1. Applying the selection to segment B:350-386, what residues are within 12 Å of another protein chain (Cβ to nearest Cβ) and hydroxyl-bearing (Ser, Thr, Tyr)?
2. If you take the residues in segment B:195-254 that are without any contact (Cβ under 8 Å) to a residue 60 or more places away in the chain, over 25 Å from B:Gly380 (Cβ atoms) and touching a Pro at 6+ places or on another chain (Cβ under 9 Å), which one is nearest to the other protein chains (Cβ to nearest Cβ)?
3. B:Glu36 passes all but one of (1) among the charged types (D, E, K, R); (2) in contact with a helix residue (DSSP H, G or I) (Cβ under 9 Å, 6 or more places away or on another chain); (3) touching a residue at least 24 places away in the same chain (Cβ under 8 Å); which number fails?
4. Let me confirm something: among B:Pro282, B:Pro323, which residue is surrounded by 24 or more Cβ atoms within 10 Å (Cβ to Cβ) and within 30 Å of B:Gly22 (Cα to Cα)?
5. For segment B:70-92, name all the residues that are surrounded by 24 or more Cβ atoms within 10 Å (Cβ to Cβ) and of a type in the set (Gly, Ala, Ser).
6. Kindly check whether there is at least one residue in segment B:349-358 that is touching a residue at least 24 places away in the same chain (Cβ under 8 Å) and of a type in the set (Val, Ile, Thr).
7. All but one of (1) at the interface with chain B (Cβ under 10 Å from one of its Cβ atoms); (2) in contact (Cβ under 8 Å) with a residue 40 or more places away in the chain; (3) at positive phi; (4) not charged (D, E, K, R) hold for A:Asn90, so report the exception by its number.
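The values are calculated or read from the model by the stated rules, or taken from the named source; none is laboratory data. Model, not experiment: these values are computed from the prediction. Positions of Cβ are backbone-derived with ideal geometry, glycine not excepted, and every protein chain shown enters the neighbour counts.
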Amino acid sequence: MISELRGTSLREEDIGSGNVLTTEWRPKLDFAFDPGVAIGQFLQGLKEGKLLGRRCHQCGRTMIPPRMFCELCFRRNDEWVELKDTGRVNTFSVSYVNWDASRREKPQVPAVIEIDGASPGMGILHLLSEVGESVKEVMARVKVGTAVQAVWKPAAQREGSITDILYFRPLS
Amino acid sequence: MPKVAVLGAGLTRFMRRSLETGRELCWEAASAALREADLTLADIDCVVMGTAPDAFDGVHMKGEYLLDGCGAKGKPYTRVYVGGGSGVFAPIAGWYHLASGAFRTCLVMAEEKMSPTQPHPQGAFNAIYDQFTERPLGVNLLWIFSLEQMRYMQTYGIPMESIAKVAVKNKRNAKDHPSAQLGGDFTVEQIVNAEIMAYPVTRLMVSPVTDGAGAMVLCNEDFAKKKGGKHVWVDGVGWNLDTSYWTNRDLAYPQYVENAAKMAYKMAGIKNPREEIHVAEPYDPFCYKELHHLEGLQLAGKGEAPKLLEKGFWDRDTTTGIPSSPSGGLLGVGNPIAAAGIMKVAEIFWQLKGTAGARQIRRTAKRGLAQAWGDLMQVGTVVVLGT
């Protein structure tokens, strides 16, 4: 039973006006991540214009993003497999929001794309483009199951990053 | 299995921005829970704290920072963490502290102060994405929810209007919750036509940014018997995590919630949850999540929860269905992440005790459950309470 309720709700005006004193702190945190064995090779593959997966001979799964061990069989998996740069849309969204909650005029279309050559359900996160610039247009052109293909950066500009693929676009 | 009882619970107001620090919010919630339990801090043997990322409060080792407000000075104290699932995981951890036999009583705390993060706490979530394969794409938190909702809708052919009805129901229920931040009367059209954040998610389908804290007092069977009176018991607990390779998962169905629920049902001796669970508080940070979770909890078939919603099966005043989120949920009461989870467990406690006031459900309830979800869309945490 809620008999006595505490907590003092502030309004934005309380902060700006100085009615409530605040202390600011701006941390500077920079990180440099070592890619690891599996992702290091994956990034090298991207630089060469290839999508690489790993196959486990015990369960038969071909996995992307690649990992050096099979989390199901819990053993070191067996081989690198070059996958296609095509796939099918597992799901997608039409996003008008940036990371800081500010809004975008033209939406981004993030999608999970199941990569051809990997086991069913093995997708990666990426962006769709050439699919319209409004919810209505995107919904008319994209559905779960839509076939898509990667659009790569020119070889000389690739740097071994997931952004070496600019985006995926519908095949038809 | 050793028996564990719930003696009391307490909440602060849920607010977009509170004057109080997290430590002060904890103290208020802990004091309220001890008052209901009719105990003092001297009666408490150990303290468990659930709270989500340190980045929100901007304090590293947040558990230690909050310790004094949690009444944990000089006591065995543990912070537990499974992202958004932490608020229901904290009572689970409290349960195993007591079921181990090591303690008689446990004060279970949950806190979140999200407002310090500038310009918006959403930014703190970006680090949950993979640093190599995802973050360089310019991710934001809403993506994963909008992607999951789209997959859920297209798998089962669910219209936006059905999803939106969760917000209508929960915000309406929240009007009767004293802690509520966003209670109110809305139409389906208002929810569907609200600003598009990341389609199919609109602004009114998202729970708010919230500051708040909650607390519960648990005890073992001996202590409960000595205390006397009728008690609400922890009948079952369950938790489960799926892979962190979220783009390899079935996004239309939360298998990990099913696994967690089945663990809790087994412990509680529940064979047919749809008959034996009488009130539910599934985690609803987004409209579709409540439906997703009701299916994972085996209270509806796959893709069936929206149809039952249309029929009023989940309404608070139902006499034949299962009231779902009678509190008003995260969509209505607010979402101070871990504190929202414990708010749900507290609601089931008050519903079973019959002291939920204006929110009291009409049907008789002997058993209820609360569930939370989180991390990278991969954890289910379930507590079943019973009289």
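1. B:Thr355
2. Selected residue: B:Tyr199.
3. Of everything listed in (1) among the charged types (D, E, K, R); (2) in contact with a helix residue (DSSP H, G or I) (Cβ under 9 Å, 6 or more places away or on another chain); (3) touching a residue at least 24 places away in the same chain (Cβ under 8 Å), B:Glu36 misses just condition (2).
4. Numbers: B:Pro323 fails: within 30 Å of B:Gly22 (Cα to Cα).
Being surrounded by 24 or more Cβ atoms within 10 Å (Cβ to Cβ) and within 30 Å of B:Gly22 (Cα to Cα) holds for just one of B:Pro282, B:Pro323, which is B:Pro282.
5. Across segment B:70-92, the qualifying residues are B:Ala72, B:Gly84, B:Gly85, B:Ser86, B:Gly87, B:Ala90.
6. Taking segment B:349-358 and keeping what is touching a residue at least 24 places away in the same chain (Cβ under 8 Å), we get B:349-353, B:356-358.
This time we only want the ones that are of a type in the set (Val, Ile, Thr), so: none.
Within segment B:349-358 (the criterion being touching a residue at least 24 places away in the same chain (Cβ under 8 Å) and of a type in the set (Val, Ile, Thr)), the answer is no, since none of the residues qualifies.
7. Condition (3) is where A:Asn90 drops out.
Here's the yes/no breakdown for (1) farther than 24 Å from B:Phe89 by Cα; (2) among the aliphatic types (A, V, I, L, M); (3) within 14 Å of chain A (Cβ to nearest Cβ):
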| residue | (1), (2), (3) |
| --- | --- |
| B:Pro282 | no, no, no |
| B:Cys287 | no, no, no |
| B:Glu290 | no, no, no |
| B:Ala300 | no, yes, no |
| B:Glu310 | yes, no, no |
| B:Asp315 | yes, no, no |
| B:Leu331 | no, yes, no |
| B:Asn335 | no, no, no |
| B:Ile342 | no, yes, yes |
